[in-house]
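Below is one structure, written out as structure tokens; comments come after it.
The values are calculated or read from the model by the stated rules, or taken from the named source; none is laboratory data. Bear in mind that the values here come from a model prediction, so they are computed numbers and not experimental data. Here Cβ is always computed from backbone atoms with ideal geometry, including for glycine, and neighbour counts include all displayed protein chains. Ligands, DNA and RNA are excluded from the accessible area calculation, which covers all protein heavy atoms including side chains. Shrake-Rupley method; radii C 1.70, N 1.55, O 1.52, S 1.80 Å.
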Amino acid sequence: MLETTLAGSLPKPAWLAEPETLWAPWALSSPERLAEAKRDATRLAILDQEAAGLDIVSDGEQSRHHFVHGFLEGIEGIDRENKRRIGIRDERYEADCPVVVGPLTRPKSVHAEEVAFARSCTARTLKFTLPGPMTIVDTLADDHYGDRESMAMAFAEILNQEAKDLVAVGADVIQFDEPAFNAYTRLVPGWGVEALNRAVQGLSAKKTAVHICYGYGIQQNNDWKKTLGKVWAQYREILPALVESKVDQISLEFAGSRVPLDVLELVGERKDVLVGAIDVASEAIETPEQVATVIDGALKHMPAERIFPCTNCGMAPMKRTVAYKKLAALAAGAELVRNRL
């Protein structure tokens, strides 16, 4: 009960990539040495999660530059050299994005080797994250499919094949990251959920999840949050559709945010919720009591067996020492509540 986990990425060691940086360049140029360093960083990330007391661990995305583009490196039909600057996340900011120029194909599994290695490093429940279809298409320019829905469904098929391969080599939980769901709330009940359902169809994972947050603690996201008013209502718009989806778990942000915990009443006993109790946009380290307060608030709206205390989002840009102290606080706060139940 109240099993703890993290939403996605963890900071990379300085000997692997430039610290405290999104899109951090690798510190090693030799392919062999870089591969070894990625494995070492994965092993260390898992050990540190276990030491912090997390129940469900991940590879911390140590082998990926970026949660979307790390996956796209293994997909054909994309021109990565001639990028195009486009607005993403509903024009929240601009980015230089690869261009889809032909039919999307996956010659082989993108992440199976990483999952198999991570599986060998732990006996705990292992989660692996993949970008969701809507977020992928929002991070690419398109010169082939002609509309986002068609491209999303093509990616959903590929993601489904990839997820099945990852479960086969040891992933217990497959999570699809969909920050774009908070940007395009009107599209979620339609092709957003349709593509997500296709991505999870037929998976034999112990759990499937979708993660929707307000983003890393970077300036563009922080500026956007200032425009959202006193109450952030995006979850209230999309949760009814997500509750009807085929995923088992919904990962939501609550710590340090303006999301009211009573939105959990829209979920109730129908899905698990990964309750974000760690603020990734602040380097202030939560106390166990602060974490427990968020969990206690969630308990007013849904049963304990449906709550999984979690971080709000990935932690890639943070200082490593801060990130792991936050994870320890997450585990300790959950234990406080668990002991009272």
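Each residue in segment 281-299 was checked for being part of a loop (DSSP other than H, G, I, E, B) and among the small types (Gly, Ala, Ser), and 3 pass. Taking Trp15, is it modelled with pLDDT of 95 or more, surrounded by fewer than 16 Cβ atoms within 10 Å (Cβ to Cβ) and either touching a helix residue (DSSP H, G or I) at 6+ places or on another chain (Cβ under 9 Å) or of a type outside the set (D, E, K, R) (or both)? Taking the combined requirement at face value, the residue satisfies it. The number of residues in segment 196-248 being open to solvent by 50 Å² or more (accessible area, probe 1.4 Å) and out of contact with any Asp or Glu (no Cβ under 8 Å at 6 or more places or on another chain) comes to 15.
Out of Ser251, Ser257, one residue alone is open to solvent by less than 60 Å² (accessible area, probe 1.4 Å) and in a loop (DSSP other than H, G, I, E, B). It is Ser257. One residue alone among Glu3, Glu61, Glu76, Glu94 is touching a strand residue (DSSP E or B) at 6+ places or on another chain (Cβ under 6 Å), charged (D, E, K, R), under 24 Å from Cys213 (Cβ atoms) and at pLDDT 95 or above, and that residue is Glu3. The set of residues in segment 217-238 being without any contact (Cβ under 8 Å) to a residue 24 or more places away in the chain, in a loop (DSSP other than H, G, I, E, B) and not β-branched (Val, Ile, Thr) consists of Lys226, Ala233.
Output yes when any residue across segment 272-279 is open to solvent by less than 10 Å² (accessible area, probe 1.4 Å), within 14 Å of Lys326 (Cα to Cα), of a type in the set (Gly, Ala, Ser) and assigned to a strand (DSSP E or B), and no when none is.
So far as segment 272-279 goes, yes, one or more of its residues are open to solvent by less than 10 Å² (accessible area, probe 1.4 Å), within 14 Å of Lys326 (Cα to Cα), of a type in the set (Gly, Ala, Ser) and assigned to a strand (DSSP E or B).
Among the residues of segment 173-189, those identified as touching an Asp or Glu at 6+ places or on another chain (Cβ under 7 Å) and either open to solvent by less than 10 Å² (accessible area, probe 1.4 Å) or free of Cβ contacts under 8 Å to residues at least 60 places away in the same chain (or both) are Ala180, Thr185. Among the residues of segment 276-307, count how many are small (Gly, Ala, Ser) and either closer than 19 Å to Ala52 by Cβ or under 20 Å from the mean Cα position of the chain (by Cα) (or both). Residues in segment 276-307 being small (Gly, Ala, Ser) and either closer than 19 Å to Ala52 by Cβ or under 20 Å from the mean Cα position of the chain (by Cα) (or both): 6 in total. One residue stands out in segment 307-316 among those that are within 19 Å of Phe176 (Cβ to Cβ) and not in a loop (DSSP other than H, G, I, E, B): the one that is most open to solvent (accessible area, probe 1.4 Å), namely Phe308. Looking at segment 12-47 only, could you name the residues that are free of Cβ contacts under 8 Å to residues at least 40 places away in the same chain, part of a loop (DSSP other than H, G, I, E, B) and not hydroxyl-bearing (Ser, Thr, Tyr)? Within segment 12-47, Ala14, Trp15, Glu18, Pro25, Ala27, Leu28 meet the criteria. If you go through segment 154-172 and keep only what is in a helix (DSSP H, G or I), buried (at least 18 other Cβ atoms within 10 Å of the Cβ) and among the hydrophobic types (A, V, I, L, M, F, W, C), you end up with Ala154, Phe155, Ala156, Ile158, Leu159, Ala163, Leu166, Val167.
Counting only strands (runs of 3 or more DSSP E) that sit completely within segment 50-151, those holding 2 or more residues that are open to solvent by 10 Å² or more (accessible area, probe 1.4 Å), within 27 Å of Ala205 (Cβ to Cβ) and touching a residue at least 12 places away in the same chain (Cβ under 8 Å) correspond to 76-88, 93-105. Scan segment 219-263 for residues that are of a type in the set (A, V, I, L, M) and more than 21 Å from Trp191 (Cβ to Cβ) and the total you get is 8.
Being closer than 24 Å to Gly77 by Cα, among the hydroxyl-bearing types (Ser, Thr, Tyr) and outside any helix (DSSP H, G or I) is a description that does not apply to Tyr214.
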